[in-house]
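Taking it in order: structure first as structure tokens, then the write-up.
None of the figures in this text is laboratory data; all of them are computed from the coordinates on show. Note that the structure is predicted; figures quoted are calculated from it, not measured. Cβ: placed from backbone, ideal geometry, glycine included. Neighbour counts: every protein chain shown.
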Amino acid sequence: MPQFVGYIGIDYSGAETPTSSSSGLRVFAAEGGTSAPPSEVVPAPSPRKCWTRKGLAHWLADQIDAGPSALIGIDHAFSFPLRYFERHALSLSVALDEATPGGESKPR
């Protein structure tokens, strides 16, 4: 028996706020044990035709709560917002150096 019954893939290309809809935010799902290709999951009908981050988070939580087990992958370059670096007087170049293989950690 497979460890996961469902598979969910999320292509996240950002949005301005959690409630901004984005055509770059797309969701695909597939069932394990079938040869059917993944199908796109569209958000519930609303004035917005695209997903919002908040709407996707609620949908994903509902999927996890409802079961069965699913492997979820998110294609997203996670990062703190630029405003975070500015507010805390952090150097973005130092953060990038530390995140790069072979990058040197510099004192702040």
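Roughly how many nanometres apart are two label points built 7 Å out from the Cα toward the Cβ at Tyr84 and Ala36?
The two pseudo-label positions are separated by 3.8 nm.
Pairwise over distinct Cα atoms, reciprocal of the mean inverse distance: report the Kirkwood radius of the stretch 6-77 in Å, one decimal place. Let's see the in-between values first.
On the way: mean 1/r = 0.0784 Å⁻¹.
Averaging 1/r across every pair of different Cα atoms and inverting gives 12.8 Å.
Between Ile72 and Thr17, with labels modelled 7 Å along Cα→Cβ, what's the label distance in nm to one decimal, could you check?
2.4
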